[in-house]
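These notes concern the structure reproduced below.
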Amino acid sequence: MAQTAAVQAAECRQCCAFCDRVLLPSGCIESACPYLYLYDDERSGRRFMGCLNKVFRVEIDVELFREAERTRHGFGGVKLTGTPLPRCRTAVERAYHGGGDAFECVNPGFFDEPVSEPAPEFDLRDRL
Ligand code: SF4
Ligand code: SF4
């Protein structure tokens, strides 16, 4: 199946390090992003959060997120599934570490901040 441009931009497999650009949800909360939604799941009684723009598609358990954020390494990142906006906080995570040519980066530009699209017009009243 053909990969989407967003997926191609979110991963690099040009050496054995296997890097992925991930979205850091901590940035969504700190910036009080209007695209961040919360909902309460009646069956589980859990609260989840997600991105209306689908910059990431997973829905994150808020309590687990807060617990992880209190640890030394924090919650970390989730898979990037869309084009990040200028306000989105991203990072690059390497899956494997090693020495020698097989782990020599041949795509250093992948570590640059992605070129973001401007945020679309967004007004909650449009949804009422
Ligand atoms: S648009 Fe970006 S900052 Fe806003 S909720 Fe989505 S991922 Fe987070
Ligand atoms: S280290 Fe560089 S070449 Fe290797 S996967 Fe990561 S970005 Fe790609």
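The C-alpha atoms of segment 5-112 occupy a region whose extents along the principal axes are 51, 28, 24 Å, arranged from largest to smallest. Each of 34, 109, 78 was scored by the projection of its Cα onto the charge dipole of segment 5-112, and the greatest displacement toward the positive side belongs to 34; charges sit on the C-beta of Lys, Arg, Asp and Glu. Accessible surface comparison of 29, 60, probe 1.4 Å, protein chains only, largest first: the order is 29, 60. The charge dipole of segment 5-112, taken about its Cα centre with unit charges on the Cβ atoms of Lys, Arg (+1), Asp and Glu (-1) only, comes to about 140 debye. Full extension of the segment from residue 14 to residue 44, taken as 0.36 nm per residue of separation minus the current Cα-Cα distance, would add 6.6 nm.
The accessible area of residue 44, taken with all protein chains in place and a 1.4 Å probe, comes to roughly 60 Å².
Between residue 52 and residue 92, the FRET efficiency estimated from the beta carbon spacing at R0 = 22 angstrom works out to 0.35. Residue ranges 67-79, 46-58, 101-113 sort as 46-58, 67-79, 101-113 when ordered by packing (mean number of other C-beta atoms within 10 Å per residue, highest first).
The values are calculated or read from the model by the stated rules, or taken from the named source; none is laboratory data. Bear in mind that the values here come from a model prediction, so they are computed numbers and not experimental data. Using ideal geometry, Cβ is built from the backbone for each residue, glycine included, and neighbour counts are taken over all protein chains shown. Just so you know, the surface numbers come from the protein's heavy atoms only, side chains and all, with ligands and any DNA or RNA stripped out. Shrake-Rupley method; radii C 1.70, N 1.55, O 1.52, S 1.80 Å.
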